[in-house]
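Notes to accompany the following structure.
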């Protein structure tokens with residue numbers, strides 16, 4: 001089944017209907033498993049990969065940059081850079097000054113073994129760096145052919161508007177894509193003002209934590225299920241009546257479609273207003289099947305209503 005790629009704002013770029021989250025590379029997936037996952041994604045046509053310069057520093061012994069390094073080694077070994085839409089990020093640790101952006105871009109390009117990044121994200125808002133300085137640095141990278149488009153991750157609606165206003169005023173590149181947290185379990189980060197500005201401004205949106213750190217796969221239903229799991233602390237917050245209602249709704253919709261709960265949760269995002277493509281990860285090759293399945297599901301109005309109602313924060 002062929003995939004319909006989605007436009008990235010007015011950039012002229014297009015991305016797969018599901019973006020793979022490369023934070024697992026060098027963390028819950030070692031190099032060998034990461035290569036196998038990437039091979040499977042390529043075979044399935046899911047060729048948009050999201051990473052960042054700080055991934056996966058939280059794993060013991062890591063310094064950050066491990067994900068980019070593994071991804072770069074895979075790209076070089078397979079010779080498929082031209083088939084991949086590559087997303088990475090800057091600014092989580094050291095802000096968005098021009099000097100840091102330029103240093104970080106050089107380091108990311110070296111680790112990724114490429115001479116260009118398709119989409120380069122500001123990883124979070126930096127209130128200390130003037131918008132004109134940040135955007136001018138991106139402008140130089142774009143003019144040099146090292147970056148094709150830019151995006152904003154973890155920005156509020158007000159911050160997005162401020163950045164867009166500055167870009168238009170100074171005739172600098174516009175952010176074309178947003179990356180907020182959004183899932184059936186975490187709706188407030190995106191729904192409302194941020195979704196409004198994305199739709200109004202024609203921005204693409206790729207939500208992260210689309211499976212709520214794995215909770216929406218349905219494999220965590222009791223405290224015992226969390227034992228020894230890397231994401232146990234994040235998932236534990238969802239083991240409550242609302243979370244169990246969401247899982248029950250996922251089970252019901254999944255049964256109607258003979259699909260996995262994870263695929264249904266991702267399909268709900270794909271069918272949600274303003275969303276371009278959710279980001280989801282897998283630590284093992286077998287888990288990629290649910291991601292592929294999500295791109296093939298056509299949820300009905302009844303399905304969407306059941307999931308939306310079950311996940312309503314006030315429910």
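The values are calculated or read from the model by the stated rules, or taken from the named source; none is laboratory data. Note that the coordinates shown come from a computational prediction; the quantities given were computed from them, not determined experimentally. With ideal geometry, Cβ positions are generated from the backbone for all residues, glycine too; neighbour counts draw on all protein chains shown.
What the table shows:
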item: Test: residue in segment 143-162 that is without any contact (Cβ under 8 Å) to a residue 60 or more places away in the chain, within 23 Å of residue 28 (Cα to Cα) and surrounded by fewer than 17 Cβ atoms within 10 Å (Cβ to Cβ); result: no
item: Tally of residues being buried (at least 23 other Cβ atoms within 10 Å of the Cβ) and either touching a helix residue (DSSP H, G or I) at 6+ places or on another chain (Cβ under 8 Å) or without any contact (Cβ under 8 Å) to a residue 60 or more places away in the chain (or both) across segment 75-103; result: 6
item: Some residue of segment 181-200 being closer than 22 Å to residue 282 by Cβ and modelled with pLDDT under 95; result: no
item: Residue within segment 34-48 that is in a strand (DSSP E or B) and in contact with a strand residue (DSSP E or B) (Cβ under 6 Å, 6 or more places away or on another chain) present; result: yes
item: Spans of helices (runs of 4 or more DSSP H) in segment 81-192 with at least 2 residues under 20 Å from the mean Cα position of the chain (by Cα) and under 22 Å from residue 49 (Cα atoms); result: 98-112
item: Residue match in segment 50-66 (condition: assigned to a helix (DSSP H, G or I), under 19 Å from the mean Cα position of the chain (by Cα), modelled with pLDDT of 95 or more and closer than 30 Å to residue 129 by Cβ); result: yes
item: Any pair with Cβ under 8 angstrom, 6 or more apart, that starts in segment 32-58 at a residue that is on the phi < 0 side of the Ramachandran plot and free of Cβ contacts under 8 Å to residues at least 12 places away in the same chain and ends at one that is surrounded by 18 or more Cβ atoms within 10 Å (Cβ to Cβ) and assigned to a helix (DSSP H, G or I); result: 57/66
item: Residues of segment 2-12 satisfying the condition of being outside any strand (DSSP E or B) and either at negative phi or in contact with a helix residue (DSSP H, G or I) (Cβ under 7 Å, 6 or more places away or on another chain) (or both); result: 2, 3, 4, 5, 8, 10, 11
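Results for (1) surrounded by fewer than 22 Cβ atoms within 10 Å (Cβ to Cβ); (2) in contact with a helix residue (DSSP H, G or I) (Cβ under 7 Å, 6 or more places away or on another chain), shown as yes or no for each residue.
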residue: 14; (1), (2): yes, no
residue: 19; (1), (2): no, no
residue: 22; (1), (2): no, yes
residue: 25; (1), (2): no, yes
residue: 32; (1), (2): yes, no
residue: 37; (1), (2): no, yes
residue: 40; (1), (2): yes, yes
residue: 43; (1), (2): yes, no
residue: 49; (1), (2): no, yes
